[in-house]
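Asker: Here's a structure for you.
The values are calculated or read from the model by the stated rules, or taken from the named source; none is laboratory data. Just so it is clear, the structure is predicted and the values come from calculations on it, not from any experiment. Ideal geometry is used to build each Cβ from the backbone, glycine not excepted, and the neighbour counts take in all protein chains shown.
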Amino acid sequence: MSYAIISLGGKQYRVSEGQRLLVDRLPTEDGKTFTPDVLLVGGDGATALVPKDVTVTVKVLGQQRGPKIRIGKYKKRTGYKRHTGFRSALTQIEIESIGGMKKAAAKPKAATVETVAAPAEVEVVEAAAVEVEARPKAPAKPKAPAKPRAAAKPRAPAKPRAAAKPKAPAKPRAAAKPKAAPAADPEVASDTTGEDES
């Protein structure tokens, strides 16, 4: 099989033989091998299959840390500021084999001339013509005659509107009262009415 889908740490990875990848930190020591859960195998022109006895061998190469991520929180007008960082813990692994067989190193081809065998004759089986009997169509049901519409009920004559009530005559306004003359200053009045001092 040329590829497999494995499950590691709750995540799924599509892997092939010889591939290296970084996954979440695994509790396996460096240089050790283990076999993860295999969910699907496929490739080599075959359809993908749910594996039965297929195993994938994985070797742990080392532990690493991911890139640093800076995290800042800020709330305006409150003086709230927080800064923190994060680096993920990772493990680098290598896929050694899929299906229990290690990938064989490519052997140099021998310089021998091989004869190409003639393609085997393929028998062509003619499909027997199957006569399909045409089903007689059911006769269309005649449409029922449309029901005559009920005669429209005559509308009741409109009620005459009540005559508008006559408005009461406007009351005449009271005549404006003349303004009273301003009161005289008592000191000035006593001077004018009093006797002359001379």
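Asker: Considering only the range 38-49, I want to know if a residue exists there that is surrounded by 13 or more Cβ atoms within 10 Å (Cβ to Cβ) and either more than 36 Å from the chain's Cα centre (by Cα) or outside any strand (DSSP E or B) (or both). Give the steps one after another, and end with the answer.
Answerer: Within the range 38-49, the subset surrounded by 13 or more Cβ atoms within 10 Å (Cβ to Cβ) is 38-43, 48.
From what's left, either more than 36 Å from the chain's Cα centre (by Cα) or outside any strand (DSSP E or B) (or both): none.
No, the range 38-49 contains no residue that is surrounded by 13 or more Cβ atoms within 10 Å (Cβ to Cβ) and either more than 36 Å from the chain's Cα centre (by Cα) or outside any strand (DSSP E or B) (or both).
Residue-wise test of (1) loosely packed, with under 10 Cβ neighbours inside 10 Å; (2) within 56 Å of the chain's Cα centre (by Cα); (3) outside any loop (DSSP other than H, G, I, E, B); (4) at pLDDT 75 or above.
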residue: Thr84; (1), (2), (3), (4): yes, yes, yes, yes
residue: Pro108; (1), (2), (3), (4): yes, yes, no, no
residue: Thr115; (1), (2), (3), (4): yes, no, no, no
residue: Val124; (1), (2), (3), (4): yes, yes, no, no
residue: Ala127; (1), (2), (3), (4): yes, yes, no, no
residue: Pro154; (1), (2), (3), (4): yes, no, no, yes
residue: Pro157; (1), (2), (3), (4): yes, no, no, yes
residue: Lys179; (1), (2), (3), (4): yes, no, no, no
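Asker: In the set Arg135, Arg161, which member is at pLDDT 75 or above, in a loop (DSSP other than H, G, I, E, B) and of a type outside the set (Gly, Ala, Ser)? Quick ask: steps written out before the conclusion?
Answerer: Working: Arg135 fails: at pLDDT 75 or above.
Unique residue meeting the criteria: Arg161.
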